[in-house]
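Taking it in order: structure first as structure tokens, then the write-up.
Here, each number is a calculation from the coordinates, and none is a lab measurement. Note that the structure is a prediction, hence the values are computed from the model and not measured. Don't worry about glycine lacking a Cβ; one is built from the backbone with ideal geometry, like all the others, and counts go over all protein chains shown.
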Amino acid sequence: MKKLSKKTRHLKEALTLKINEKAYQLKREGKRVFFFSIGEPDFHTPGFIKEKGIEAINENFTKYAPAAGISPLREEISKDIKKRLGIYYQPEEIVVTVGGKFAISAAILAICDKDDEIIIPAPFFPSYLEMVYLAQGIPKIIKLKERDGFILKPEDLEKVITKKTKGLILNSPHNPTGVVYSRDDLYKIAKIALKKDIFIISDEVYSQLLFDGLEHISIASFKETFNRTFLIDSFSKTYCMTGWRIGYCAAPKNLSEKVAAIQSHMNSSTSSISQYAALYALKMERGLINEMVSSFEERRNVMVEELKKIPNITFINPKGAFYIFLNVKNYLKGNKTSYDLSYYLLELKNVATIPGSAFGYENFIRLSFAISKEDIIEGVQKLKEGLFVF
Ligand code: PLP
């Protein structure tokens, strides 16, 4: 038999999903598992949104939708972006996609020819790397430093840009570190993107999960970068709609029309039912979102206090999303890796974490605090015990 394609030969299912599966298996076996591995809010989709989904089905709103999304939703997203971020996109410049993930993938496909370089700061959301490989591009990794607060420094960015560089994938609030870029951090990057003529794929799927009164800033808000940015957001985290598979890309027409065209051939559109429900999600009172964010902030505080009790680890206090990226270097003796540690913690202590290697960054593990406070307190205690005997 002939061989499968070179570009998929190394490809495997995301490690994050695999670890969660294993954790659920332990739970099914009756074990008390601490799900620090979780990558989604532990809240259900709000009832009002669920009812709208059911209404869509009952009203037979169940046919193919336009490739770029239904018009009322694109109009509502346009208004929402203007209100939240002060950036105006015409509704025609919004493409509703199969989650934020497909928007990122389509944006990469839209800019990347074979052997073009796409810059990815590490640690990174694991799928970025595979998306670039699938587009036959070359990922150029910039290793961010914990001592720089895991913020991409403009001089480091400028250094790696070559004639073959097409774009940069930026993510704020950031998975896995919870770091949030300030206006100043973003503006410095924007100036380089303009000077060096590169595109920006700005992954903002955690834009509304911010703590300590911070406001979300998009790199698309600068005149230097508006024309060259694919702004990507999602209903997954903000509205607890991870399984509905709905996100969007906002970008000037010449960029967004390519995302829409790619989606039309690969998915036709995202689910019409999800689009109908998402339209009402945007019209929803913000109360529920604010409550969820406060709850994450409280849990962040609990987690930080508990982690402070473990000696010889370091971490940055997250300002957004719901993750802490823990430096466990001092516990990795000999050739031990973050994967070995994660595996051990899950098997022996029923503590599910994601190894830093999944994010292209060794010596760290990612902990999610989208679990109950009781689980955080008990789970961190188990983690501590696990670290001590590893
Ligand atoms: N980008 C980041 C940084 C994420 O963490 C995730 C999901 O975990 C996504 C994108 C994908 O989100 P969606 O469910 O909208 O596809």
Legend entry - 13 Å Cα-Cα reach of Lys31 towards aspartates and glutamates, excluding residues that sit fewer than 8 places from it in its own chain: Glu347
Inset, instruction - Please find, in a Gaussian network model of the chain (springs between Cα atoms separated by less than 10 Å), the residue of Ala106, Ala261, Ala250 whose mean-square fluctuation is greatest. - result: Ala261
Inset, instruction - Could you compute the FRET efficiency for Asn290 and Lys3, with r as their C-beta to C-beta distance and R0 at 51 Å, rounded to 0.05? - result: 0.45
Legend entry - Violating pairs (Cα-Cα greater than 20 angstrom) within the set Lys153/Lys308; Lys166/Lys188; Lys333/Lys373; Lys101/Lys143; Lys309/Lys373; Lys6/Lys143: Lys153/Lys308; Lys333/Lys373; Lys101/Lys143; Lys6/Lys143
Legend entry - Segment Glu305-Thr337, extension gain: residue separation times 0.36 nm, minus the distance between their alpha carbons: 8.9 nm
Inset, instruction - Please figure out what share of the DSSP beta bridges in the chain is antiparallel and state it in percent, rounded to the nearest 5. - result: 45
Legend entry - Approximate spin-label separation Glu29-Lys50, in nm, with each point projected 7 Å along Cα-to-Cβ: 3.1
Legend entry - FRET efficiency, Thr62 to Ala261 (Cβ-Cβ, R0 22 Å, nearest 0.05): 0.35
Inset, instruction - Could you grab the relative contact order for the chain? Cα pairs under 8 Å, six or more apart, rounded to a whole percent. - result: 24
Inset, instruction - Please express the shape of the chain as an equivalent ellipsoid: the semi-axes are the square roots of 5 times the eigenvalues of the C-alpha gyration tensor, given largest first in whole angstrom. - result: 32, 26, 21
Inset, instruction - Quickly estimate the mean residue ellipticity at 222 nm for the chain, helices only: each DSSP H run with n ≥ 4 gives -39500 (n - 2.57), and the total goes over all residues, rounded to 500. - result: -13000 deg cm²/dmol
Legend entry - the range 101-188: translational diffusion in µm²/s, Stokes-Einstein, Kirkwood Rh over Cα pairs, 4 °C, 1.567 mPa s: 97
Legend entry - Contact order relative to length of the range 194-256, as percent, for alpha carbon pairs under 8 angstrom and 6 or more apart: 32
Legend entry - Span-rule helices in the chain, defined as complete DSSP H runs reaching 15 Å or more along the axis (Cα) with Kyte mean at least 0.0: 99-111, 272-283
Legend entry - Extreme residue, positive dipole direction of the range 93-166, given options Ala122, Ile104, Thr165 (C-beta unit charges): Ala122
Inset, instruction - Would you kindly state how much longer the chain becomes between Lys22 and Lys159 on full extension, computed as 0.36 nm times their sequence separation minus their alpha carbon distance, in nm to one decimal? - result: 45.2 nm
Legend entry - FRET efficiency, Glu75 to Asn227 (Cβ-Cβ, R0 22 Å, nearest 0.05): 0.50
Inset, instruction - Count neighbours as other Cβ atoms within 10 Å of each site's Cβ, and list the GluC sites (Glu not before Pro) in the range 193-289 that are DSSP loop with at most 13 such neighbours. - result: Glu215, Glu285
Legend entry - Gaussian network model of the chain, Cα within-10 Å springs - most flexible of Phe226, Phe296, Phe48: Phe48
Inset, instruction - Could you give the size of the charge dipole of the range 282-371 about its Cα centre, using +1 on the Cβ of each K and R and -1 on the Cβ of each D and E, expressed in debye and rounded to the nearest 20? - result: 180
